[in-house]
1. Hey, if you put +1 on the Cβ of every Lys and Arg and -1 on every Asp and Glu Cβ in the chain, which of Thr49, Thr19, Ile120 ends up farthest toward the positive end of that dipole?
2. Under a Cβ-only charge scheme (Lys and Arg +1, Asp and Glu -1), can you give me the dipole magnitude of region 2-177 about the Cα centre, in debye to the nearest 20?
3. At 0.36 nm per residue, minus the direct Cα-Cα distance, what do Phe168 and Phe151 gain on full extension? Give it in nm, one decimal, please.
4. For region 2-177, what are Rg and Dmax over the alpha carbons, in angstrom?
5. Can you list residues from other chains, or at least 5 along the same chain, whose modelled amide H is less than 5 Å from the amide H of Lys13?
6. With θ set to phi - 60° and the Karplus curve 6.51 cos²θ - 1.76 cosθ + 1.60, what are the ³J(HN,Hα) couplings of region 130-143 in order, to the nearest whole Hz, using x for Gly and Pro?
7. Work out how much length Asp117 to Arg52 would gain on full extension: take 0.36 nm times their residue separation and subtract the Cα-Cα distance, in nm to one decimal.
8. Between the helical axis of 103-114 and the dominant principal axis of the chain, each derived from Cα atoms, what acute angle in degrees is found, rounded to the nearest 10?
Amino acid sequence: MAKSILSNEIIIKLNSVGTYSVGKTSLIRRYTENTFSEDYLPTLGVDITVKRGVIVDAKPIRIVLMDTAGEEKFGSLRKTYFEGSLGCIAVYDITRPETLKDLDRWLKEYRGVAGEDKIISVIGNKIDLAGRRTVPEKDGRRYARAQGSAFYEASAKFGGKIIPRIFFDLVQKVLRNLPG
């Protein structure tokens with residue numbers, strides 16, 4: 001956490017983790033810009049997005065979102081962006097069971113750099129594809145519970161109130177986890 005010199009904003013750095021094409025970028029864009037694109041463009045390295053004007057527990061917050069690439073070849077670069085992170089969204093695709101299993105590896109990599117005490121929210125994305133669901137909600141919920149994490153299901157495509165709630169809850173938990 002840092003404080004902005006020019007304002008009283010608290011700056012919170014968050015990451016996204018998960019296999020390629022699970023919708024990490026789409027969730028972040030839905031949250032920060034309220035947009036969605038059907039076109040899949042893989043993140044190359046990292047995309048940094050800033051969300052200003054967030055108020056959590058009567059505190060002004062600036063969220064710096066590090067949307068890290070889900071492709072293996074960006075592993076060493078990705079670790080650089082985990083440093084100083086206070087929390088992350090761990091995203092899987094409800095139509096691809098391997099993406100939930102892969103979260104073990106992603107969270108191990110994230111926690112290995114950011115620290116074991118970081119706040120993580122597990123998100124099953126693409127609930128708009130419910131007819132193609134292969135990961136039952138209870139499996140995602142069980143996984144999140146085992147991680148000590150909050151659990152959500154969402155659709156970056158259709159948005160809704162759940163996506164702002166995911167980030168609000170995550171930031172609120174991060175604030176409560178800060179020393180002092």
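1. Ile120
2. Details: 30 positive and 22 negative charges, 86 e Å.
Here the size comes out at about 420 debye.
3. Working: separation 17, 0.36 × 17 = 6.12 nm, distance 1.34 nm.
That works out to 4.8 nm of additional length.
4. Taking only Cα atoms of region 2-177, I get Rg and Dmax of 15.1, 49 Å.
5. Distant-sequence amide H within range of Lys13: Val64, Leu86.
6. The phi angles translate into 3, x, 10, 4, 10, 10, x, 3, 4, 5, x, 5, 5, 4 Hz.
7. Numbers: separation 65, 0.36 × 65 = 23.40 nm, distance 2.51 nm.
Roughly 20.9 nm would be gained on extension.
8. Approximately 20 degrees, to the nearest ten.
Each reported figure results from applying straightforward, stated rules to the coordinates on display, with no laboratory input. Bear in mind the structure is a predicted one, so any value in this text is a computation, not a measurement. No Cβ is skipped: glycine too gets one built from the backbone with ideal geometry, and neighbour counts run over all protein chains shown.
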